[in-house]
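Everything on this sheet refers to the single structure shown next.
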Amino acid sequence: MFPVIYDFGEVNIFGFSFHPVINSYGFMLMTAFYICYYLLHKDLKRLDYKPALAGDIVFAAAIGGIIGSRIYFLLENFEQFLNDPIGMIFSGGGLVFLGGLLGGLLAVTYIIKKNNLRWIAFADIVAPLLILGYAIGRVGCLLVGDDYGLPTDLPWGMEFPNGIPPSTYQIFQSRYPWVDLSGFSPGVLKVHPTQIYETLIGSGIFYYLYQKRQSVKVVGSLFFTYLTLAGTERFMIEFLRINQKYFLGFSGAQLISLTMISIGLWFLYHPVGQTKGYATEEK
């Protein structure tokens, strides 16, 4: 675990002291945004869009994604939020992908409509980048010890003694009472490194979508393929994660994933349009 990449130590300027650090999770988020910006800028030039749109879209996705993921996290942990609202709002963890996806899509939709562009065509352009950003972000989760999975005896299980929260027997007992700890002893527990699983699977989905992006024949098909694959990935990985199951044995994330899969499959079999290419303006 490397929650801090670089510690600048105590800094004093004009009588004010502060302690700046480069956080590994924040660093990986910035890395994801810059890589996505580079690839988006490159594709916009190839498709004869204004390359400057890349900056607007990535900035909107970043702000909307952070706000959306934070709201989802607070709703998912509403009881803890009521007990400690300030602490929960400003805690180090709690950037949930599914909330970030919705928030980011809403923010990017605003930019697309503001520039009189065709939403469904742009959705195809950004689809590979959505899963790429997710995969890179999961590396940040691994480095800070967040979003790990259930306890396991498998040889590749990992311990997070200083995680958010630590992967200890006591933490599982107090925070996750629904997790079966039979066969595990008190102390630091090995858990499924679901962050690694998702980084590997997400990278594979990105590669597939990115290779397919230049051969799209039906507008929107790449985006709906992304919804189907990303939803399936998250639905399956949830069986190894510690999120509580609410409805029919499914977690909240799984229910949203099923919605993503349903929407994706529906529009793959009932296309919204047959137009080839990417018209820059709505007619």
Evaluate the following for VAL218: is it in contact with a helix residue (DSSP H, G or I) (Cβ under 9 Å, 6 or more places away or on another chain), among the β-branched types (Val, Ile, Thr), modelled with pLDDT under 95 and not in a loop (DSSP other than H, G, I, E, B)?
no
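Within the stretch 136-173, work out how many residues are of a type in the set (A, V, I, L, M) and surrounded by fewer than 17 Cβ atoms within 10 Å (Cβ to Cβ).
Here the count works out to 2.
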So SER251 ticks every box in (1) within 24 Å of GLU198 (Cβ to Cβ); (2) modelled with pLDDT of 95 or more but one. Which box is left unticked?
(2)
Tell me yes or no: at least one residue of the stretch 237-244 is over 19 Å from GLN195 (Cβ atoms), in contact with a Leu (Cβ under 6 Å, 6 or more places away or on another chain) and not aromatic (Phe, Trp, Tyr).
no
Residue match in the stretch 22-42 (condition: modelled with pLDDT of 90 or more and more than 30 Å from LEU98 (Cβ to Cβ)):
no
Within the stretch 256-265, identify whether any single residue is at pLDDT 95 or above, surrounded by fewer than 18 Cβ atoms within 10 Å (Cβ to Cβ) and more than 22 Å from LEU75 (Cβ to Cβ), and answer yes or no.
yes
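Which residues, counting only those in the stretch 14-37, are at negative phi, of a type in the set (A, V, I, L, M, F, W, C) and either surrounded by fewer than 10 Cβ atoms within 10 Å (Cβ to Cβ) or touching a His at 6+ places or on another chain (Cβ under 9 Å) (or both)?
Across the stretch 14-37, the qualifying residues are PHE16, PHE18.
Out of everything in the stretch 174-213 that is assigned to a helix (DSSP H, G or I) and of a type in the set (A, V, I, L, M, F, W, C), what residue ends up being surrounded by the fewest Cβ atoms within 10 Å (Cβ to Cβ)? Explain how you work it out, then say what you get.
At the first step, the residues of the stretch 174-213 found to be assigned to a helix (DSSP H, G or I) are 174-175, 194-213.
Applying the additional criterion that residues be of a type in the set (A, V, I, L, M, F, W, C) yields 196, 200-201, 205-206, 209.
On the way: ILE196: 17, LEU200: 11, ILE201: 21, ILE205: 23, PHE206: 23, LEU209: 23.
The qualifying residue surrounded by the fewest Cβ atoms within 10 Å (Cβ to Cβ) is LEU200.
So, in the stretch 222-254, exactly how many residues are closer than 29 Å to LYS212 by Cβ, buried (at least 17 other Cβ atoms within 10 Å of the Cβ) and either touching a strand residue (DSSP E or B) at 6+ places or on another chain (Cβ under 9 Å) or in contact (Cβ under 8 Å) with a residue 60 or more places away in the chain (or both)?
Residues that pass the stated criteria total 13.
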What helices (runs of 4 or more DSSP H) completely inside the stretch 67-173 contain at least 2 residues that are at pLDDT 90 or above?
97-114, 119-144
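The values are calculated or read from the model by the stated rules, or taken from the named source; none is laboratory data. It should be emphasised that the depicted structure is a prediction, and the values quoted were computed from it without experimental measurement. Counting neighbours? That spans all protein chains shown, and the Cβs are built from the backbone with ideal geometry, glycine included.
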